[in-house]
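Worksheet: one structure, shown below.
The values are calculated or read from the model by the stated rules, or taken from the named source; none is laboratory data. Given the structure is predicted, the values throughout are model-derived calculations rather than measurements. For neighbour counting, all protein chains shown are included, and Cβ atoms are generated from backbone atoms with ideal geometry for every residue, glycine included. Keep in mind that these areas ignore ligands, DNA and RNA; they rest on the heavy atoms of the full protein, side chains included. Shrake-Rupley method; radii C 1.70, N 1.55, O 1.52, S 1.80 Å.
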Amino acid sequence: MTEIKKVLLAPLDPVHDIGLKMIRRGLEEAGHKTYLLPPDLPVEEIIQEIIDKEAGTVLISRTLGYGVAELLSRFVDLVDASGLRDKVTLGIGGMAVRPELAAELGFDAGFGPGTTVEQAVAFVEGREISKEDTGVKKDKQDITSSYSYKFINKSMGNKLEQVAGQIRKWAKDKTSPGVKRAVAREELWDVGRWRNRKGNDEFDKEYPHLCGEQPKNYYLKGELHPKTRRFTREEVIALEEFLQETKERIMLSKVQHVKSRPVIFNQYGTGCPFMDIGHIKASEAWGADGVVHFDPSWGARTEGFFDGFLTHQEDGTVITPANLNRIHGALEPSTLWQVRAHRGLNTPETVILAGKLGADMTKINMCYGSLGAGTDPERLTVDGYHAIRYAIQYGMSFDVVTNEELAGVPAHKAFAGMLIVSTLGVMLGGKPILQPLFAYSPEAMVGEQMEGNYVDFNAAKIYALKNIIDAPIWPGAPIGFLTQTEDRVQSAMSTGLHACLASSLGVDAISIASSDEAYSGGPISVPSKTDTLKAVQEGFRFFGSTGISPSGKAEQWGERLVSEIDKVIDDVLQTGDFVQALYDGNLGTREEGAYPGRAGRDTVEHTVT
Amino acid sequence: MTKALNHVMDALDVETFLICDTEDEARSLALELMKEMGFNDIDVVNLDFLGVGARVRARAYIHRSGDEYGWLKMDKEVKLDD
């Protein structure tokens, strides 16, 4: 049991004693006896109070900067002169105090701005302050757990189930090079053997022949992708040391204030797993709850994965088992980890690798991947179907992104696609997460829905989705896209405000950009990530449990969105073939900016039964 | 590179307000300022010129992806106090 201390708290300021009052409350809650003196007493009187109260600890506060050194010096001299120095422990804190000044003047401790009550209590009790005293305790959150996935709009739900049923029936007896690699990765690649460097002989023999030219050349001839290199042994050892030290020191913080949602994700993908790990650790410390892996754009158009611990000199961190494994090992236990699988030729295998290496979530959407990211609709529908099945097998939820909106596809068409894929996911037993964009999209630029404010059209999207299905919603990606500029204050502010709108609308998660979002001249810097985390945190602190009130337009637009989505689903149903609907433009036309991709065209095969 | 710069994770931004006559002059001055400070891999991230002068943020990349990072302690010691 902790010894009860007599603590005298003395503000050496005309008025500022709030900090000491908060510390007094903490000390009293911990069972200590406290004496809080009024502000601005002469130091002689404070000395007398120490004697009279027989205080064992004295905490002085000083906020004003002028004359601080002289005043505190005089106080310490008087403590010495009165013979108290060996009998009391002296602490000093406040805005004007720096630890080095306190030490120089002979105080036992100095507490600068940002000191917590827990730190002050630990000082009084003579304890070392631990991470548990100062850090925030965080648990990994499952944002899907409270949802039933039941349709609110039963009529639309019925149609969506018909379309999803058609996809299921069409896809289940089809395969592709991507699915074959996924089967090999699933059946022949044992992660435990790989981690223990025991090799997976059968996989190693078969896999290269399932890959495209570049990965095949890597396995058979040792040729790396031209923009990548292997890390040296010295670099790996240095990374391990950096990581160990950082994990010991890291203090986590929380962006949320009074609400537990939305969960905050940010993205990494500098090209280099080392730099990613540096960014991730900073993001975690500044409050990110989850991180999303970005791979290079060429990765989506390459049949197969490379292997090895590789760094890449351009944006996007190459997916290899070793890269993912190192990044996963760097995460705090509470951090959600998403590896995107949504858009390319490695979709199902990405899900398996992510699942085997410990990812919590993935990202799958055949509509965006084939209309906005260059993969053939038929190929991605087969691969996406299998990817969803693997996500379910590995217990991963997945978001269904609607980034085709950024190409110009109107929200109602992108949402129809998202709802079709999500319904397929639910039908197969999965936990999809709806990912509408909070963006100044081309549709809104041309249609002027955001001319007056950024609130109503974004709110309309959430209202519409909530009126269709009881499912988790995770606006992204990132929120505020195309509203941010290169000015970091504006950029962080815009992200912060969109986050507050998301919170007000009761969504489950958000992806936030860095304040470098609009800067295209170089890589995103780590301070730009802490900028936006701070901005969102301050926004949540400001609004607390209150919210933003959209105008009546949001409801009107929300209702209109629902009826427009319904019409698109009717069109897809009438086509009778989801893949054909993608080619035909039912879910986004070429004029709107949706171009059915060509990567992987004519690679789908029927499975032999 | 100085030892303190080894500790910069990726980029170092310099933010200030430049007295100048035009936006072009502000951009030139910002880049010149970074060169005077000894940086080579530089850019102007943001610049607002509104007649009075320019609010500017210039950037020097100290470590780009794929570089050898000074903040990783490899064969050389990077502590400031050695």
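So which residues in the range B:60-77 are open to solvent by less than 60 Å² (accessible area, probe 1.4 Å), within 7 Å of chain A (Cβ to nearest Cβ), farther than 18 Å from residue A:245 by Cβ and part of a loop (DSSP other than H, G, I, E, B)?
B:65, B:66
Which residue pairs have Cβ atoms closer than 7 Å, lie 6 or more positions apart in sequence or on different chains, and pair a first residue in the range A:85-114 that is among the hydroxyl-bearing types (Ser, Thr, Tyr) with a second residue that is modelled with pLDDT of 80 or more?
A:89/A:56; A:89/A:57; A:89/A:108
Listed here are the residues, each with its yes/no results for (1) closer than 26 Å to residue A:412 by Cβ; (2) open to solvent by less than 40 Å² (accessible area, probe 1.4 Å); (3) more than 14 Å from chain B (Cβ to nearest Cβ).
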site: A:477; (1), (2), (3): yes, yes, yes
site: A:487; (1), (2), (3): no, yes, no
site: A:496; (1), (2), (3): no, yes, yes
site: A:535; (1), (2), (3): no, yes, yes
site: A:540; (1), (2), (3): no, yes, yes
site: A:562; (1), (2), (3): yes, yes, yes
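Among the candidates A:492, A:518, which residue alone is of a type in the set (A, V, I, L, M, F, W, C), surrounded by 24 or more Cβ atoms within 10 Å (Cβ to Cβ) and in the same structural domain as residue A:272 (by TED's automatic domain parsing)?
Exactly one of A:492, A:518 is of a type in the set (A, V, I, L, M, F, W, C), surrounded by 24 or more Cβ atoms within 10 Å (Cβ to Cβ) and in the same structural domain as residue A:272 (by TED's automatic domain parsing), namely A:492.
Do we find that residue A:329 is over 24 Å from residue A:144 (Cβ atoms) and within 18 Å of the chain's Cα centre (by Cα) in this structure?
Judged against the criteria, residue A:329 is a match.
Only one residue in A:431, A:461 is over 30 Å from residue A:521 (Cα atoms), out of contact with any Cys (no Cβ under 6 Å at 6 or more places or on another chain), open to solvent by 20 Å² or more (accessible area, probe 1.4 Å) and touching a residue at least 40 places away in the same chain (Cβ under 8 Å). Which one?
A:431
Would you mind telling me which numbered condition in (1) in contact (Cβ under 8 Å) with a residue 40 or more places away in the chain; (2) within 14 Å of another protein chain (Cβ to nearest Cβ); (3) among the hydroxyl-bearing types (Ser, Thr, Tyr) residue A:232 fails?
If we test residue A:232 against (1) in contact (Cβ under 8 Å) with a residue 40 or more places away in the chain; (2) within 14 Å of another protein chain (Cβ to nearest Cβ); (3) among the hydroxyl-bearing types (Ser, Thr, Tyr), just (1) comes out false.
Under 9 Å between Cβ atoms, at least 6 apart or on separate chains: pull out the pairs that start in the range A:312-327 with a residue that is assigned by TED's automatic domain parsing to the domain that holds residue A:192 and more than 29 Å from residue A:521 (Cβ to Cβ) and end on any residue that is β-branched (Val, Ile, Thr) and in a helix (DSSP H, G or I).
These pairs meet every condition: A:321/A:191; A:325/A:191.
For the range B:46-59: of the residues being within 10 Å of chain A (Cβ to nearest Cβ) and under 15 Å from residue A:528 (Cβ atoms), which is surrounded by the fewest Cβ atoms within 10 Å (Cβ to Cβ)?
B:57
Inside the range A:152-190, can you point out the residues that are outside any helix (DSSP H, G or I), open to solvent by 70 Å² or more (accessible area, probe 1.4 Å) and modelled with pLDDT of 95 or more?
Within the range A:152-190, A:152, A:190 meet the criteria.
Which of the residues spanning the range A:187-210 are closer than 20 Å to residue A:325 by Cβ and either aliphatic (A, V, I, L, M) or in contact with a Gly (Cβ under 9 Å, 6 or more places away or on another chain) (or both)?
Passing the criteria: A:188, A:191, A:193, A:198, A:207.
For the range B:6-25, which positions are more than 17 Å from residue B:64 (Cα to Cα), within 14 Å of another protein chain (Cβ to nearest Cβ) and either under 12 Å from the mean Cα position of the chain (by Cα) or not aromatic (Phe, Trp, Tyr) (or both)?
Selection gives B:14, B:15, B:16, B:23.
Taking the criterion of being in a helix (DSSP H, G or I) and not β-branched (Val, Ile, Thr), would at least one residue in the range A:248-265 satisfy it?
yes
Can you find even one residue in the range A:361-373 that is under 27 Å from residue A:247 (Cβ atoms), open to solvent by 10 Å² or more (accessible area, probe 1.4 Å) and of a type in the set (Gly, Ala, Ser)?
Within the range A:361-373, not a single residue is under 27 Å from residue A:247 (Cβ atoms), open to solvent by 10 Å² or more (accessible area, probe 1.4 Å) and of a type in the set (Gly, Ala, Ser).
I need every pair where a residue in the range A:276-302 that is under 19 Å from residue A:476 (Cβ atoms) has its Cβ under 6 Å from the Cβ of a residue that is of a type in the set (Lys, Arg), sequence separation at least 6 or different chains.
Pairs that qualify, where the first residue is under 19 Å from residue A:476 (Cβ atoms) and the partner is of a type in the set (Lys, Arg), are A:283/A:529; A:287/A:254; A:300/A:343.
Going by the structure shown, is residue B:29 open to solvent by 50 Å² or more (accessible area, probe 1.4 Å) and more than 13 Å from chain A (Cβ to nearest Cβ)?
Yes.
Matching residues to (1) more than 14 Å from chain B (Cβ to nearest Cβ); (2) among the small types (Gly, Ala, Ser); (3) in contact with a helix residue (DSSP H, G or I) (Cβ under 9 Å, 6 or more places away or on another chain); (4) under 30 Å from residue A:501 (Cα atoms):
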position	(1), (2), (3), (4)
A:228	no, no, no, no
A:243	no, no, yes, no
A:248	yes, no, yes, no
A:252	yes, no, yes, yes
A:287	yes, yes, yes, yes
A:292	yes, no, no, yes
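Give the range A:464-475 a look and list any residue that's open to solvent by 40 Å² or more (accessible area, probe 1.4 Å) and part of a helix (DSSP H, G or I), or say none.
If the condition is that a residue be open to solvent by 40 Å² or more (accessible area, probe 1.4 Å) and part of a helix (DSSP H, G or I), then A:466 is the only one that fits.
Would you say residue A:149 is surrounded by 17 or more Cβ atoms within 10 Å (Cβ to Cβ), outside any helix (DSSP H, G or I) and touching a residue at least 60 places away in the same chain (Cβ under 8 Å)?
Answer is yes for this residue.
For every residue, the table says whether it meets (1) closer than 25 Å to residue A:168 by Cα; (2) in the same structural domain as residue A:458 (by TED's automatic domain parsing); (3) open to solvent by less than 50 Å² (accessible area, probe 1.4 Å).
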site	(1), (2), (3)
A:550	no, yes, yes
A:555	no, yes, no
A:568	yes, no, yes
A:574	yes, no, no
A:578	yes, no, yes
A:587	yes, no, yes
A:594	yes, no, yes
A:599	yes, no, yes
A:605	yes, no, no
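Residues A:479, A:469, A:510: which one is more than 18 Å from residue A:290 (Cα to Cα) and either in contact with a Phe, Trp or Tyr (Cβ under 8 Å, 6 or more places away or on another chain) or not assigned by TED's automatic domain parsing to the domain that holds residue A:279 (or both)?
None of the others qualify; the one that does is A:469.
Is it the case that residue B:3 is in contact (Cβ under 8 Å) with a residue 24 or more places away in the chain and more than 13 Å from chain A (Cβ to nearest Cβ)?
Yes; evaluated as a whole, the condition is true for this residue.
Enumerate the pairs (first residue in the range A:518-529 and more than 7 Å from chain B (Cβ to nearest Cβ) and within 13 Å of residue A:270 (Cα to Cα); second residue anywhere and part of a helix (DSSP H, G or I) and of a type in the set (A, V, I, L, M)) with beta-carbon separation below 8 Å, excluding pairs fewer than 6 apart on the same chain, so at least 6 apart or on different chains.
A:529/A:282
Regarding the range A:439-450, can at least one residue be identified that is away from chain B (no Cβ under 14 Å), crowded, with 24+ Cβ neighbours inside 10 Å and touching a Ser or Thr at 6+ places or on another chain (Cβ under 8 Å)?
Yes: the range A:439-450 contains one or more residues that are away from chain B (no Cβ under 14 Å), crowded, with 24+ Cβ neighbours inside 10 Å and touching a Ser or Thr at 6+ places or on another chain (Cβ under 8 Å).
From the set of residues in the range B:36-45 that are within 29 Å of residue A:269 (Cα to Cα) and more than 12 Å from chain A (Cβ to nearest Cβ), which is most open to solvent (accessible area, probe 1.4 Å)?
Among those that are within 29 Å of residue A:269 (Cα to Cα) and more than 12 Å from chain A (Cβ to nearest Cβ), it is B:40.
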